[in-house]
Amino acid sequence: NAVAGSARLRSRPGVHSELSSRSSAGMLPVVAGLLLAIVTGGRGSAAGDPESSAGSRFVCTSLPLDAVGAGCPLPPVPMQGGALPPEEELKATVLQLRETVLQQKETIGSQREAIRELTGKLSRCEGTDGKSGTGTWKKELGKGKDTMGDLPRDPAQVIDQLSRTMQTLKDRLESLEHQLRANVSYAALPNDLREMLQRRLGDLERQLLSKVAELEDEKSLLHNETSAHRQKTETALNALLERVSELEKGSSAFKSPDEFKVSLPLRTNYLYGKIKKTLPELYAFTVCLWLRSSASPGIGTPFSYAVPGQANEIVLIEWGNNPIELLINDKVAQLPLFISDGKWHHICITWTTRDGMWEAFQDGEKLGTGENLAPWHPIKPGGVLILGQEQDTVGGRFDATQAFVGEMSQFNIWDRVLKAEDIMNIANCSTNMPGNIIPWVDNNVDVFGGATKWPVETCEERLLDL
């Protein structure tokens, strides 16, 4: 059999070359890959060169398969037609091939680590023109070559897949946005909340309209008040102009609003004057007035103040042959005043509820003082103040025998006890101090029953009459 086999082999002179060519052809892809890895390891350096670090740049080029033989020669194979017998030659060839296969296995095992490293470096390789190395692979892939299993896929496929992925992500994003809007509109703003907001907006609108209308009304009222005030001012100015005209013509009855006197010439029960203002509740007071009378017996009642339940709340009276008296809450104090000589006299009376203290001044001089006149009794408010008559009821039932006969002026009331020097200054005409409760002004005094108002002598003229 061995001889027959040798004969068959000998009869086929191309067997040795065929085996050699098949072995070489089968190893060419591996050797070509290793050559590619060694060539792309760096710019003219081996794969294990220290220059191929992580921050290095690499130049990648592909090599045609027919160029591998020049860079990686195969082990030598004995040529046919040698001196050895055919059996020995065939056996040597088989052993050599087996040894070559074992060497290639060892080489592949030792280069696996380098292949993995070079595969990672492929992503950072750049071509000789400075562009990404993948451009060369894309070019080769465009020609339909698939020389390595770990090369990138077709760029058209990658772009298509990325497009599909982006479209899928876009669809998911739109779905999430739509769901979010739906949740906000129906969860955050339910029907009850929407109705409540509408009602609240309606209320605010009504309030705003009401406020606008109110402002319009206030504007109208302000305009009306301004018009009324303007009219009133014009009326007052016209009255003053008329007054000035009368003064210029000399036909004026009074020189000023407080320079007048009330004349009560007869002892009757119907001549009197009335103060329009009333008194508040008082715990002290000062009453001052100028008067002139020569009636006999007694001058009568210069003034009286009556309140409901007490007709003699405050009364100043000289009746018959009795001395002049001050009544407070129907309690009596006799005053050392002498004013029935027919001359002008200035009299002042002070009183305080504390211990019922009183003082009497005539022509600026204090003539008497006393106490226990209605102590701790406040003067009641809201009564009627009459000039020239004594009241038995509030504002009426006058007695002619108690009526004042004569003239009076500058009747003023304060809600405190004036100092002695203030009373002196008023009496000697050095100061004009109207009362803060009842001042002597024309429009605050009405006259009835034939009583009249006349211009009064000046203060200096009254002093000369003393």
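Let's see how each residue does on (1) of a type in the set (Asp, Glu); (2) part of a loop (DSSP other than H, G, I, E, B); (3) open to solvent by less than 40 Å² (accessible area, probe 1.4 Å); (4) assigned by the TED database to the domain that holds residue 276:
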{"residue": "368", "(1), (2), (3), (4)": "no, no, yes, yes"}
{"residue": "373", "(1), (2), (3), (4)": "no, yes, yes, yes"}
{"residue": "409", "(1), (2), (3), (4)": "no, no, yes, yes"}
{"residue": "421", "(1), (2), (3), (4)": "yes, no, no, yes"}
{"residue": "424", "(1), (2), (3), (4)": "no, no, no, yes"}
{"residue": "432", "(1), (2), (3), (4)": "no, yes, no, yes"}
{"residue": "443", "(1), (2), (3), (4)": "no, no, no, yes"}
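Kindly evaluate residue 225 against the criterion of being surrounded by 10 or more Cβ atoms within 10 Å (Cβ to Cβ), of a type in the set (Asp, Glu) and modelled with pLDDT of 75 or more. Yes. Here is the figure for segment 336-355: residues that are surrounded by 14 or more Cβ atoms within 10 Å (Cβ to Cβ) and under 60 Å from the mean Cα position of the chain (by Cα) total 4.
Would you be able to say whether some residue in segment 386-402 is touching a helix residue (DSSP H, G or I) at 6+ places or on another chain (Cβ under 6 Å), in a loop (DSSP other than H, G, I, E, B) and in contact (Cβ under 8 Å) with a residue 12 or more places away in the chain? Yes: segment 386-402 contains one or more residues that are touching a helix residue (DSSP H, G or I) at 6+ places or on another chain (Cβ under 6 Å), in a loop (DSSP other than H, G, I, E, B) and in contact (Cβ under 8 Å) with a residue 12 or more places away in the chain. For segment 296-310, a residue qualifies if it is open to solvent by less than 20 Å² (accessible area, probe 1.4 Å) and of a type outside the set (Ser, Thr, Tyr), and the qualifying residues are 298, 299, 300, 302, 303, 306, 307.
The values are calculated or read from the model by the stated rules, or taken from the named source; none is laboratory data. Quick caveat: nothing in here was measured; it's all calculated off a predicted structure. All Cβ positions, even for glycine, are placed from backbone atoms using ideal geometry, and neighbour counts span all protein chains on display. Accessible surface areas use protein heavy atoms only, side chains included; no ligands, DNA or RNA. Shrake-Rupley method; radii C 1.70, N 1.55, O 1.52, S 1.80 Å.
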